[in-house]
Amino acid sequence: MLGNTLSVFENQLLDSIQEAEVVGLLQTLIQARSDFPPGDCQTAVTVIADKLKAADIPYHILANSTHQPNLVATLPGHAARPTLMYHAHIDTVAPGDPAAWQHPPFSGVVENGFIYGRGAGDDKSSVVAQIMSLVTLARAGVQLNGRFQVAVVADEESGAKQGTRWLRDNGHLQPDFLVVGEQTENQVAVAERVACGIDLTIFGKSTHGAMPWAGDNAIMKTARVLAWLEQKLWPQLAAKSHPYLPPATLNIGKISGGLQWNIVPASCKVEMDRRLLPGETRAAAMAEIERLLDEYNATVEPLQYELFSTGKVAPNINTSPEEPFVQCAQAALHSVTRQPQALTGYVQTSDGRWFAGDGLPIIIFGPSDPAVGHATDEHVSVTQLVEATKFLTVLALRWLSATPYTRKKGVSNGS
């Protein structure tokens with residue numbers, strides 16, 4: 001059933017989802033620290049494994065690093081394909097100063113309808129909603145026309161080398177349809193921007209700090225260059241648009257230069273975060289900056305610089321809103337919330353990017369506001385958490401009950 005109303009059986013399924021159980025699992029998971037550094041996820045993964053054991057759901061622990069295990073749980077269906085995979089990361093960032101928190105960061109306190117703690121939003125609420133949707137279907141004895149998997153991964157916050165990238169590269173994750181759990185406030189996101197790190201080093205001339213006129217202060221020159229880029233580049237980026245995403249951006253994240261206070265600095269390094277929209281490339285973003293730097297050199301003052309970018313830049317998630325999987329998700333969300341929901345985009349960057357070049361339909365969905373992730377007093381609404389669990393239950397039931405496996409790779413997603 002792909003309509004906007006719930007069937008009798010769907011209502012029965014959703015009635016079986018108990019708020020206390022869902023909230024309790026998230027509280028326990030928050031209390032199982034998995035913050036990076038060091039990113040040790042063993043205790044947190046054990047919490048999920050225990051829940052799956054109790055529901056008699058098969059799972060595998062897969063690890064390239066002992067302290068960063070991943071878990072993949074499977075609800076087998078009548079057929080091996082298609083595979084619908086839900087995916088969320090169980091590691092978190094560090095809490096910062098615990099004294100700055102309203103509640104201890106690993107307490108999982110519930111207050112005024114919100115659950116507080118590191119990972120409450122990013123990303124343990126998505127882990128819980130996905131796992132509880134799997135548990136709900138397993139308890140009901142549902143037999144699906146395909147394989148339903150939930151991947152609980154480590155190492156998202158530090159590059160995914162021990163998590164999603166390792167799992168995918170070694171054939172452990174092979175979805176045909178993918179839901180990535182991240183904070184979208186329970187809206188279906190069909191696109192995201194990807195991060196591209198760019199480093200700019202500007203060179204000057206060193207001399208004694210008492211004689212600045214005899215040198216060329218690289219830090220001062222960098223300040224002038226950045227002001228130039230703000231004037232010239234920022235409007236160009238703001239003009240780049242996407243129907244579901246904010247414009248392209250460039251963030252000046254870190255500046256370092258000089259040797260000590262009484263030496264005119266000979267160099268200054270700027271580390272920048274360029275967020276690419278679907279259709280943009282690293283090469284084009286670099287060329288855009290380089291043209292402006294060359295213009296500065298030709299029209300403002302002599303400029304010697306180096307511009308480079310390292311690290312892997314994955315393709316963007318950019319799933320068509322006409323994709324049947326997206327439409328099924330929208331209908332399921334409408335059924336659960338009892339009102340139509342607009343599509344959106346994910347402002348940040350998710351582990352879904354490692355699958356974006358595979359040609360499969362990908363959506364991003366999860367409870368909580370992305371602005372509270374990584375923040376002091378991180379929290380998630382109990383209402384959103386339970387609603388997400390219900391939506392994910394209905395989506396899996398509908399998609400793997402009503403849709404034959406006819407999707408052709410390479411036609412639904414890309415940048």
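Observations on the structure shown:
- S256 crowded, with 17+ Cβ neighbours inside 10 Å, more than 30 Å from G366 (Cα to Cα), in the same structural domain as R282 (by TED's automatic domain parsing) and at pLDDT 95 or above: no
- Residue in the stretch 167-176 that is in contact with a Leu (Cβ under 8 Å, 6 or more places away or on another chain) and farther than 28 Å from E323 by Cβ present: no
- The residue of the stretch 88-108 that is farthest from R33 (Cα to Cα), among those that are in contact (Cβ under 8 Å) with a residue 60 or more places away in the chain and of a type in the set (A, V, I, L, M), is A100.
- Here M220 clears all of (1) over 26 Å from L276 (Cβ atoms); (2) touching a Ser or Thr at 6+ places or on another chain (Cβ under 7 Å); (3) of a type in the set (A, V, I, L, M); (4) not assigned by TED's automatic domain parsing to the domain that holds P324 except the condition numbered (2).
- Those residues of the stretch 25-51 which are among the basic types (K, R) and within 19 Å of Y116 (Cα to Cα), in sequence order: R33
- Residue in the stretch 357-378 that is nearest to the chain's Cα centre (by Cα), counting only those that are surrounded by 24 or more Cβ atoms within 10 Å (Cβ to Cβ) and of a type in the set (G, A, S): G366
- For A342, the conditions (1) in contact with a strand residue (DSSP E or B) (Cβ under 6 Å, 6 or more places away or on another chain); (2) closer than 30 Å to P82 by Cβ are fulfilled apart from (1).
- Residue within the stretch 64-87 that is of a type in the set (K, R), farther than 18 Å from I115 by Cα and touching a Phe, Trp or Tyr at 6+ places or on another chain (Cβ under 7 Å) present: yes
- So E288, is it touching a residue at least 40 places away in the same chain (Cβ under 8 Å) and not in a loop (DSSP other than H, G, I, E, B): yes
- The condition of being within 16 Å of the chain's Cα centre (by Cα) and either under 30 Å from F114 (Cα atoms) or at pLDDT 95 or above (or both) holds for only one of S381, S350, S335, S320, that being S350.
The values are calculated or read from the model by the stated rules, or taken from the named source; none is laboratory data. Bear in mind the structure is a predicted one, so any value in this text is a computation, not a measurement. Quick reminder, even Gly has a Cβ in these numbers, built from the backbone with ideal geometry, and neighbours come from all protein chains shown.
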